[in-house]
């Protein structure tokens, strides 16, 4: 399995609107997210060759060098992951099963590719809904065609948010929604607006990879304060990854300080040391 994490920033992003990119005012912080992920991965036993940071700026840390992506989605920073992963598959950089995650999704202990995962899988965003949570996902090598198709459709439709777009491919539209969409397409023939394209492509791609998709245990992506009570209860223990914004008070209280329904502090001492080392927690503020 390869450990793939991505950060494309407004810095050095050519003509792209910087307002759509995170931390454009603090490039050192951006780099520290990458450095923390690299060191944490090495500490947890990953081989250097299997750690795959993907950026649009040069960075090397502890013998791990980032791969620089050439493809971008200038209309939104929230749909780049499938696009740049597809690029790295084409280049041969990615050539195994992958764990694909955000830089604020932190691994807590070693784990293998989830056995229950089919060709691709995510955890749920809301435990009661079909929407996936995109901060942590898994793809088998046999699922590269899925990544390619999603990346292709994102660029055709100019999709703005990955988590609203990806469910098209693993859920089947209801008859009511299909009929409504068909009526819209019939009434707007020849209209190539994004709205038209989204409806047309969504109809064509509805559920095409449903039989190859798995919703995964919350242990692979425990996050979102609002749903913490339910997700933590359902997750296999010990928790394998945390996804939370350390810079925001409520997530920090919940996941770091343990101010949650179960009074459990989930950040390990090893991860805490790295969060302090890279400036995300002040030494005097540690728990």
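Of the helices (runs of 4 or more DSSP H) lying entirely inside segment 180-279, none contains at least 3 residues that are at pLDDT 95 or above, in contact with a strand residue (DSSP E or B) (Cβ under 6 Å, 6 or more places away or on another chain) and over 25 Å from residue 100 (Cα atoms).
Based on this model, can you work out whether residue 232 counts as surrounded by 18 or more Cβ atoms within 10 Å (Cβ to Cβ), without any contact (Cβ under 8 Å) to a residue 60 or more places away in the chain and closer than 29 Å to residue 115 by Cα?
Working: surrounded by 18 or more Cβ atoms within 10 Å (Cβ to Cβ): yes; without any contact (Cβ under 8 Å) to a residue 60 or more places away in the chain: yes; closer than 29 Å to residue 115 by Cα: yes.
Answer is yes for this residue.
Would segment 108-118 turn up any residue that is part of a strand (DSSP E or B) and either closer than 24 Å to residue 268 by Cβ or under 12 Å from the mean Cα position of the chain (by Cα) (or both)? Checking segment 108-118: not a single residue is part of a strand (DSSP E or B) and either closer than 24 Å to residue 268 by Cβ or under 12 Å from the mean Cα position of the chain (by Cα) (or both).
Can you find a residue in segment 106-122 that is closer than 23 Å to residue 279 by Cβ and either surrounded by 21 or more Cβ atoms within 10 Å (Cβ to Cβ) or not assigned by TED's automatic domain parsing to the domain that holds residue 269 (or both)? First the steps, then the outcome.
Taking segment 106-122 and keeping what is closer than 23 Å to residue 279 by Cβ, we get 106-108.
Now drop any that are not either surrounded by 21 or more Cβ atoms within 10 Å (Cβ to Cβ) or not assigned by TED's automatic domain parsing to the domain that holds residue 269 (or both), which leaves 106-107.
Scanning segment 106-122 turns up at least one residue that is closer than 23 Å to residue 279 by Cβ and either surrounded by 21 or more Cβ atoms within 10 Å (Cβ to Cβ) or not assigned by TED's automatic domain parsing to the domain that holds residue 269 (or both).
Screening residue 82 on (1) closer than 21 Å to residue 278 by Cα; (2) buried (at least 21 other Cβ atoms within 10 Å of the Cβ); (3) at pLDDT 90 or above shows it passes everything except condition (1). If you go through segment 147-179 and keep only what is assigned to a helix (DSSP H, G or I) and more than 19 Å from residue 213 (Cα to Cα), you end up with 155, 156, 157, 175, 176, 177, 178, 179. In segment 61-70, the residue that is nearest to residue 240 (Cα to Cα) out of those that are surrounded by fewer than 16 Cβ atoms within 10 Å (Cβ to Cβ) and touching a helix residue (DSSP H, G or I) at 6+ places or on another chain (Cβ under 9 Å) is 62.
Checking each residue in segment 60-82 for being outside any helix (DSSP H, G or I) and more than 14 Å from residue 93 (Cβ to Cβ) picks out 60, 61, 62, 63, 72, 73, 74, 75, 76. Going through (1) at pLDDT 95 or above; (2) buried (at least 19 other Cβ atoms within 10 Å of the Cβ); (3) touching a helix residue (DSSP H, G or I) at 6+ places or on another chain (Cβ under 9 Å) one by one, residue 148 falls short only on (2). Selection of segment 50-84 for residues being free of Cβ contacts under 8 Å to residues at least 12 places away in the same chain and under 14 Å from residue 150 (Cβ atoms) yields an empty set.
On the stretch given as segment 8-59, residues that are modelled with pLDDT under 80, farther than 22 Å from residue 82 by Cβ and part of a helix (DSSP H, G or I) total 2.
The values are calculated or read from the model by the stated rules, or taken from the named source; none is laboratory data. Since the model is a prediction, treat every value here as computed from it, not as a measurement. Virtual Cβ from ideal backbone geometry, glycine too; neighbours counted across all protein chains shown.
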